Amino acid sequence: MRSASRLLAIAASLGIAAAPITAQQRWIENGPDRGLPAPEAAWRPYDADLAHPANRIFASTFLVELVPAEVGAALPAEAENATANGADARHFGKRPGEERARRLFGGDALQLPRESFSAAESKELIAALEALQGELLAALRTSTFACVWLQNDILRLARRLLDTDANPELLAPLLGAARRLALPRAQLLDSALATFSPKDLAAVEPTIDPARLVEVERRSTRLFDAERTLLWSRVFFQWPDTDGRDFADELAAIAKGEASKVPAGTRAVLVQGIVALDDRGAPCATPLAIDVRLQQFVGAADPAAAKATTTRDGVDFRVFWLARETLRTKGGAVTLRDFREFDDEDQVLFRDYGSLKHTTIGAQCTLCHRVSGTPEPELAGFPLLRKTAQPRVASSPTARLELAEREFVKFLAALASAAKRNSVTTR
Ligand code: HEC
């Protein structure tokens, strides 16, 4: 809470009364910690009452002060480290986190910073989970949005604890709470729950023509396996007309082993949404999308334009994450315009490679999506067009959702048996 007291001191010295913090001010807007959650901010994702158990569960999972395992060279404070890696390879550079790297991470967004709990924290979390009963639970269950997302928070935490092999005592209470939040499948599939439609893209990114988007099925890496992410993921491509080659032909050529030669102007849209557990214990891919990412290969013909992209070598990204609180305060009437757009320079704690790394969004995307310095520059930063991903035109709009449900079942089985094993030994 250092910054909170510092801010209050500044406010006092200027004679201003401390005003309530608005949603925007919850994130540090500028300076060396740009994009991290503001330590003085209060987060109310699920209820206006900060002390509501659902808000407490969120806070214990998504707001964590810690020393990251690694610190990326792309951070403003790492300028020296960045120079050592060459200005264009800042995304590669990193060093182990030390005490001075301690920060508050997380917030009402996608990435989950929590890895484990102290005994006292664990007790508090169990109390908050057990408070989801009776009238309070009944009230919560009147909001499909709240049930779906809170259940996802709870299950993602359980997934994390399985991965970090920490706090086995929490698994049964987490699974119990997730089950109490479970709703009937028909309710989970209600189209009123939909927060994304390709049609909404035109308003946000006019260079995308929703009518030209083609959905692609593929063999996903672990990054997009719902057994790990508890999210479904769909990808759409817009292949430029100018190429003289049809996108379906392109995919057929990849299947035959010809490497794709991605033309400038190629676009992709990645959408991820929540897979819920329904009241019969089965998975349900809900229409609630929370993560939308737009990708464009600008090309390398104009070096200045390429330099201005996210990867600095021709691939540009736009990242949109939905906030739980937006969904709550707008009563679910949400489109892509209501998602928060992140900046390349915003900082996040990522865990893509299994250890917590503090870096910028742009640097992290660049690691896996750059054009140069990779074995496959012709793919222009679209790993989905690798032969090993077996990309093909989607057989139906539900294929990826059904796949995610099958993957999610494996997670449920692992969680149920770990939770049972532990309740037998401790109770
Ligand atoms: C650890 C590597 C990694 C990181 C980091 C990463 N991605 Fe990806 N991304 C992939 C892979 C692999 C795929 C292919 C899809 C699959 O596996 O199903 C992909 C697919 C995508 C796609 C679909 C089109 C394509 O093939 O490129 C988009 C859009 C995308 N990622 C955006 C992003 C954004 C934005 C970031 C940064 C916030 C990011 N990715 C960070 C590995 C990564």
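Whole-Hz Karplus values for segment 299-304 come out as x, 10, 4, 9, x, 5 Hz, taken residue by residue from phi with 6.51 cos²θ - 1.76 cosθ + 1.60 and θ = phi - 60°; glycine and proline positions read x. Sparse packing (at most 15 other Cβ atoms within 10 Å of the Cβ) combined with a DSSP loop state is found for the following trypsin sites (Lys or Arg not before Pro) in segment 305-353: Lys330.
Panel values: the chain, Kirkwood radius from alpha carbon pairs, Stokes-Einstein at 37 °C and 0.692 mPa s, translational diffusion coefficient 144 µm²/s.
Remark on segment 52-101: Rg and Dmax equal 15.4, 48 Å (Cα only). Computed from the alpha carbon positions, the gyration tensor of segment 72-223 leads to an equivalent ellipsoid with semi-axes of 34, 29, 14 Å, biggest first. Each Lys and Arg Cβ is given +1 and each Asp and Glu Cβ -1; about its Cα centre, the chain then shows a dipole of about 900 debye. Listed values for segment 85-100 are Karplus-derived 3J(HN,Hα) couplings in whole Hz (6.51 cos²θ - 1.76 cosθ + 1.60, θ = phi - 60°), namely 8, x, 4, 7, 10, 4, 5, 6, x, 6, 9, x, x, 10, 3, 5, and x replaces Gly and Pro. Both radii are taken from the alpha-carbon atoms of segment 191-405; with Rh as the Kirkwood radius, Rg/Rh is 0.95.
Treating each Cα of segment 257-344 as an identical point scatterer and summing with the Debye formula, the log10 of I(q)/I(0) at q = 0.12, 0.24 Å⁻¹ comes to -0.55, -1.12.
Averaging the Cα positions of each part gives two centres, and for segment 114-145 and segment 318-336 these lie 22 Å apart. Ignoring solvent entirely, what values of log10 I(q)/I(0) come out of the Debye formula for segment 322-427 at 0.11, 0.12 Å⁻¹ when each Cα is a single scatterer? Cα-only, vacuum Debye calculation for segment 322-427: -0.70, -0.83. For segment 256-271, 3J(HN,Hα) computed residue by residue from phi via the Karplus equation (6.51, -1.76, 1.60; θ = phi - 60°) reads 7, x, 7, 6, 5, 10, 6, x, 4, x, 5, 10, 9, 10, 10, 10 Hz, glycine and proline entered as x.
What the Cα convex hull of segment 293-352 gives, in volume per residue, is 104 Å³. Taking the chain as the region of interest, the number of lysine pairs whose Cα atoms are within less than 16 Å, with members eight or more places apart or on different chains, is 4. Calculated mean residue ellipticity, 222 nm, the chain: -10000 deg cm²/dmol, from DSSP H runs (n ≥ 4) at -39500 (n - 2.57) each, averaged per residue and rounded to 500. Under 5 Å from the amide H of Phe105 lie the amide H atoms of Val64, Glu65, Leu66, each residue being 5 or more positions distant or on a separate chain, with H modelled from the backbone and absent for Pro and chain starts.
Near Ile290, the amide H atoms lying under 5 Å from its own belong to Gln272, Gly273, Ile274; only residues 5 or more places off or on other chains count, and H is placed 1.01 Å from N. About the centre of its Cα atoms, segment 191-405 shows a dipole size close to 360 debye [charges on the beta carbon of Lys, Arg (+1) and Asp, Glu (-1) only; nearest 20 debye]. Taking trypsin sites (Lys or Arg not before Pro) across segment 95-159, the ones in a DSSP loop with at most 13 further Cβ atoms lying within 10 angstrom of their Cβ are Arg102.
The C-alpha atoms of segment 92-157 occupy a region whose extents along the principal axes are 49, 28, 16 Å, arranged from largest to smallest. Distant-in-sequence amide contacts of Leu183, defined by a placed amide H-H separation under 5 Å and a gap of 5 or more residues or a different chain, comprise Asp279. Here segment 176-237 has an Rg and Dmax of 15.6, 46 Å, counting Cα atoms alone.
Bear in mind these aren't lab numbers, they're just calculated from the coordinates by the rules spelled out. Note that the coordinates shown come from a computational prediction; the quantities given were computed from them, not determined experimentally. Glycine gets a Cβ as well: all are built from the backbone with ideal geometry, and neighbour counts include every protein chain shown.
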